[in-house]
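Just so it is clear, none of the values below were taken in a lab; they were calculated from the coordinates. Quick caveat: nothing in here was measured; it's all calculated off a predicted structure. Counting neighbours? That spans all protein chains shown, and the Cβs are built from the backbone with ideal geometry, glycine included.
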There are 2 protein chains.
Amino acid sequence: MPTTTPRANPLFLSDAELRKAMELLFFAYRDFTAEPDSILARYDFGRAHHRVIYFVGADAGMSVSDLLAILKITKQSLSRVLGQLLREGFIEQQTDTQDRRRRLLFLTPKGQELETLLTDKQTSLIAKAYRDSGAEAVAGFATVLRGIISDVDQKRFVESE
Amino acid sequence: MPTTTPRANPLFLSDAELRKAMELLFFAYRDFTAEPDSILARYDFGRAHHRVIYFVGADAGMSVSDLLAILKITKQSLSRVLGQLLREGFIEQQTDTQDRRRRLLFLTPKGQELETLLTDKQTSLIAKAYRDSGAEAVAGFATVLRGIISDVDQKRFVESE
DNA sequence: AAAATACGTCAGCATTGTTGACATATATGC
DNA sequence: GCATATATGTCAACAATGCTGACGTATTTT
């Protein structure tokens, strides 16, 4: 009686089921970023610019090192895109009055406008998927994604619950 | 009576809830690819090599154009990584006997070994998240991701159900 | 006063995507 | 059988976005 155990995955999780999950993530992430990517191209911006605009929009007044901790890229990499966004007037900096070494980041009205344009594309895609799936599926979606996210990054979500 | 409607999202989906979904996707995808990325670095390979190895592993004997259709990159981009994988003996080609223009792709034993190494890291992460979440959550996870995936790419999944 | 922190910058390099131009082998349509 | 379409490959240049390493300045902490 062959008990198909191709790889080391207990608890009824077949290899095919796990591969399907991986592919779902791959295609979903790809399609999720496709629309913003094409909008950004019109500004000569890329996905890296989008991330900066998104997170600064989500947490106005964050410092450069806060942003570095979220993005997990080097300051040299960030500097390139952040510099462009500053020079082109999408983001502005303000010295923290508490600690004058820190530069707090804010979207300008122009930056806010682009943020809204980009985020609206993505939120409407998510909203459509949510509406088509129902509340229960939405809860499951979040639960599983949280399970995939490392403990370190988990912390970013616990407070917002 | 202010009925908070910050953006255009009906059906009780708050802006905060939708932004959280976007962030979950961002962090999950990042953490999901982190382990393979660090393994690949040891081979002087990148994420592009991983994708090729993964999809050829999932569908042995696929043609170059099949792969191009999945990855949605140009043949010049693919050629670079595919060429490396061929030269270094991770993948081998075989002329299709039906249509001798087509080159069918297969993993070599060496390629299969790397595929297993990489995929096992990712499947165990998914498996852990699945086990911690329960069957119902897993179903919801797949439902929502499918809702995010474009109709074009959906087709890749319908047959496997 | 010395050390640590926050931020910035210059320089070079790798990966992975792009466009455009061509070339070859094979299959298909008429 | 010839013209055309298809599948694949290749050369060259360029752009976005990561990286490392080396410095420099301002400010805070010890």
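Odds and ends about this structure:
- Every condition in (1) in contact (Cβ under 8 Å) with a residue 40 or more places away in the chain; (2) outside any helix (DSSP H, G or I); (3) away from DNA strand C (no atom under 11 Å from the Cβ) is met by A:Gly89 except one, and the failing one is (1).
- Test: B:Leu117 is away from DNA strand D (no atom under 14 Å from the Cβ), more than 9 Å from every other protein chain (Cβ to nearest Cβ), touching a residue at least 12 places away in the same chain (Cβ under 8 Å) and within 16 Å of the chain's Cα centre (by Cα): yes
- Test for A:Leu82: is it touching a strand residue (DSSP E or B) at 6+ places or on another chain (Cβ under 9 Å) and either farther than 26 Å from B:Ala28 by Cβ or not in a helix (DSSP H, G or I) (or both): no
- Whichever residue in the range A:122-134 is in contact with a helix residue (DSSP H, G or I) (Cβ under 7 Å, 6 or more places away or on another chain) and surrounded by fewer than 16 Cβ atoms within 10 Å (Cβ to Cβ) and, among such residues, is nearest to A:Tyr43 (Cα to Cα): A:Lys128
- Within the set B:Asp99, B:Asp31, the sole residue that is within 7 Å of DNA strand C (Cβ to nearest atom) and of a type in the set (Asp, Glu) turns out to be B:Asp99.
- Members of the range B:24-51 found to be within 13 Å of chain A (Cβ to nearest Cβ), among the hydrophobic types (A, V, I, L, M, F, W, C) and more than 18 Å from A:Lys20 (Cβ to Cβ), listed by number: B:Leu24, B:Phe26, B:Phe27, B:Ala34, B:Ala48
- Residue in the range A:135-147 that is loosely packed, with under 14 Cβ neighbours inside 10 Å and in a helix (DSSP H, G or I) present: yes
- Residues of the range A:66-75 that turn out to be more than 12 Å from chain B (Cβ to nearest Cβ), closer than 22 Å to A:Tyr43 by Cβ and within 6 Å of DNA strand D (Cβ to nearest atom), as a count: 0
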